[in-house]
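The values are calculated or read from the model by the stated rules, or taken from the named source; none is laboratory data. Predicted model only: the values in this text are computed from it and were never measured. As a convention, Cβ positions derive from the backbone with ideal geometry for all residues, glycine included, and neighbour counts pool all protein chains shown. Remember, those area values only see protein heavy atoms, side chains included, never the ligands or the DNA or RNA. Shrake-Rupley method; radii C 1.70, N 1.55, O 1.52, S 1.80 Å.
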Amino acid sequence: MGDVGALALGAALGVVAVAVRQELVLFVMGGVFVMETVSVILQVASFKLTGRRIFRMAPLHHHFELKGWPEPRVIVRFWIITIILVLIGLATLKIR
């Protein structure tokens with residue numbers, strides 16, 4: 001899926017979350033994406049303010065790859081984290 005498809009899918013998820021007033025649940029379920037984005041923000045802010053890096057490379061998955069983790073290990077661990085976060089998000093939904 002390219003940028004066009006990913007952006008359209010993300011926008012659709014955001015619109016649905018706003019329509020059903022469950023924005024926080026979307027934030028929790030998309031925790032890996034939030035974590036990746038926050039790692040870039042922290043890296044850029046830290047480098048601009050102090051001249052030092054927090055991670056070896058941003059986004060976060062590249063940091064783990066530079067530490068020597070093989071790419072499939074990083075992917076599977078992120079899948080596991082995503083599954084756990086989605087289950088937590090689904091558990092917090094209120095059934096009306």
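When Val86, Val34, Val40 are checked against the criterion of being open to solvent by less than 90 Å² (accessible area, probe 1.4 Å), under 28 Å from Ala12 (Cβ atoms) and touching a Phe, Trp or Tyr at 6+ places or on another chain (Cβ under 8 Å), a single residue qualifies: Val34. Yes or no: Arg56 in a loop (DSSP other than H, G, I, E, B) and exposed (fewer than 12 other Cβ atoms within 10 Å of the Cβ)? Here the answer is no, as Arg56 does not meet what is asked. The C-beta contact set for region 49-78 (first residue free of Cβ contacts under 8 Å to residues at least 24 places away in the same chain and charged (D, E, K, R), second residue part of a helix (DSSP H, G or I) and open to solvent by 80 Å² or more (accessible area, probe 1.4 Å), distance under 8 angstrom, 6+ apart or interchain) comprises Arg53/Phe47; Arg56/Leu66; Glu65/Glu71.
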